[in-house]
1. Only one of (1) assigned to a loop (DSSP other than H, G, I, E, B); (2) closer than 18 Å to SER203 by Cβ; (3) over 17 Å from the mean Cα position of the chain (by Cα) is not met by ASP331, so which one is it?
2. Here are some conditions: (1) over 26 Å from MET411 (Cα atoms); (2) in contact with a Lys or Arg (Cβ under 8 Å, 6 or more places away or on another chain). LEU105 meets all but one. Which one does it not meet?
3. As an exercise: evaluate ARG84 against (1) crowded, with 19+ Cβ neighbours inside 10 Å; (2) in contact with a Ser or Thr (Cβ under 8 Å, 6 or more places away or on another chain) and give the number of the one condition it does not meet.
4. Looking at TRP254, is it free of Cβ contacts under 8 Å to residues at least 40 places away in the same chain and either surrounded by fewer than 15 Cβ atoms within 10 Å (Cβ to Cβ) or under 25 Å from LEU408 (Cα atoms) (or both)?
5. If the Cβ limit is 8 Å and pairs must be 6+ apart or interchain, which residue in region 259-279 that is among the hydroxyl-bearing types (Ser, Thr, Tyr) pairs with which residue that is assigned to a helix (DSSP H, G or I) and modelled with pLDDT under 95?
6. Give me the pairs, please: first residue somewhere in region 74-102 and on the phi > 0 side of the Ramachandran plot, second residue anywhere and hydrophobic (A, V, I, L, M, F, W, C) and crowded, with 17+ Cβ neighbours inside 10 Å, beta-carbon distance under 7 Å, and either six or more positions apart or on two chains.
7. Could you tell me which of the residues ARG357, ARG370, ARG366 is within 23 Å of ILE98 (Cα to Cα) and basic (Lys, Arg)?
8. Tell me yes or no: at least one residue of region 307-318 is of a type in the set (S, T, N, Q) and in contact (Cβ under 8 Å) with a residue 40 or more places away in the chain.
Amino acid sequence: MQLPKFGGGPAESVVHPLVLAAFVIAAVLIFVLPRKYLVMPVLGLTFLAPMGQQFYFAGIHLFILRMLILVGLARAIEFRNGFRWSKVDSAFCSYVAIQSLAMILLYQGAAVVNQVGFLWDFLGGYFLLRLLIQDRYDISKVIECLAVLAVLIGIGMVIEEFTRVNVFALLGGVLAMPEIRDGKVRSQGVFQHALTAGAFAASSLPLFFLLWKSRANRVLAVTGAVAVTIMVFATQTSTSLLSYMAGILAVLCWPLRERMRRIRIWMALALVALHLVMKAPVWFLIARVDLTGSSSSYHRAELIDQFVNHFSSWWLIGTKDVATWGWDMWDAQNMFVSVGEMGGLAALIFFVLVLSRSFSQLGYARQAARDTAEEWVPWLLGSALFVHVVAFFGVNYFDQVRMAWFALLAMISACTVTASPAKTMVEPRKVSVRYLAERPFHSAVR
């Protein structure tokens with residue numbers, strides 16, 4: 001069994017001249033722009049350049065995103081004074097470190113180079129965005145940038161839907177023709193798969209609603225929402241559609257915000273009851289979900305079932321015998337299963353802890369809010385995180401969509417961590433959720 005690749009794709013290529021030019025421009029902008037605009041070239045190149053784009057030097061493949069992370073960190077490190085460590089950071093670093101160590105122990109020497117790439121992607125990308133997203137102005141800029149990117153990617157996916165040609169493939173690094181299943185085109189745009197494209201789109205919807213509520217740029221908020229809706233339906237995947245509906249449901253649950261603890265308990269009890277009365281385990285409810293008529297829902301349920309049944313083979317340091325679990329079990333399109341297979345039970349626990357602590361911190365921030373306007377900020381960030389959790393049951397984040405997840409975690413930390421004034425700030429910051437709601441995004445003073 002081969003080691004998993006981090007950063008590659010089905011159509012890897014040497015960097016295209018246009019992508020190289022875009023990288024040079026982005027690198028220059030990173031070093032000349034003021035901090036409040038730095039996230040724009042970083043996200044722009046991340047989500048418009050296919051992951052397969054790479055520099056090849058002396059037998060080493062340097063993917064364009066990794067080079068961007070390196071350049072970004074070289075500039076962002078000067079803003080470390082405004083950075084405050086959070087509980088989410090601790091859980092995230094533990095999850096990544098344990099998984100990397102487990103892979104090295106499992107595959108030994110052959111895994112060292114592979115795991116250097118993994119750490120580069122995950123720790124480098126995560127802390128780059130943590131350094132760049134530290135206050136409410138940064139959150140606003142990230143959401144506005146995602147809206148513009150969604151429009152551009154959405155246009156490409158519409159073209160892909162009708163012509164069956166991926167325009168991003170002209171740059172190389174992604175498949176030129178989309179996957180067609182049961183006669184339905186599964187558009188993927190700049191992403192490595194339609195599933196990750198859908199996860200990016202669905203998780204962005206609650207953020208655009210936050211942009212609308214802030215009154216910062218309502219035209220861009222509506223435009224972004226329309227774009228991601230088109231993207232989700234263009235993917236023709238049940239995971240994307242379910243994630244999209246989960247985001248809408250989370251936003252609509254706003255009136256129940258004071259009863260969410262009770263609702264979670266009742267939902268957990270209902271799942272346990274179903275597990276006891278069903279002929280199959282409760283996770284086989286997933287097998288009944290098919291919103292497109294062409295979904296591999298049974299595979300998702302069987303993947304969880306085999307993961308549970310083979311607990312003894314992966315709990316310590318993961319396993320490399322997944323292919324022996326059954327037909328197509330090597331394709332671990334479930335983030336929880338993937339983490340367990342590659343890092344063991346400890347990595348899975350810390351991965352879940354990243355999500356748990358994020359929700360917990362958002363809950364505390366909402367409770368500490370002084371008015372309804374303040375409450376909306378952590379609620380909508382939590383809605384976006386809930387979308388990612390739903391998507392995790394149907395897709396493993398193996399391309400640039402993980403940068404969207406990292407950006408959200410950074411926004412959550414910026415919203416919930418108490419920080420002292422940064423040197424780049426004109427006015428002091430208190431608890432960030434209050435700071436976010438005290439004034440509209442667009443009235444920020446830098």
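The values are calculated or read from the model by the stated rules, or taken from the named source; none is laboratory data. Remember, predicted model here, so these are calculated numbers, not experimental data. Every residue, glycine as well, gets a Cβ built from its backbone with ideal geometry; the counts of neighbours run over all protein chains shown.
1. (2)
2. (2)
3. The single condition ARG84 does not satisfy is (1).
4. When the stated conditions are applied, TRP254 does not pass them.
5. none
6. none
7. ARG357
8. No: region 307-318 contains no residue that is of a type in the set (S, T, N, Q) and in contact (Cβ under 8 Å) with a residue 40 or more places away in the chain.
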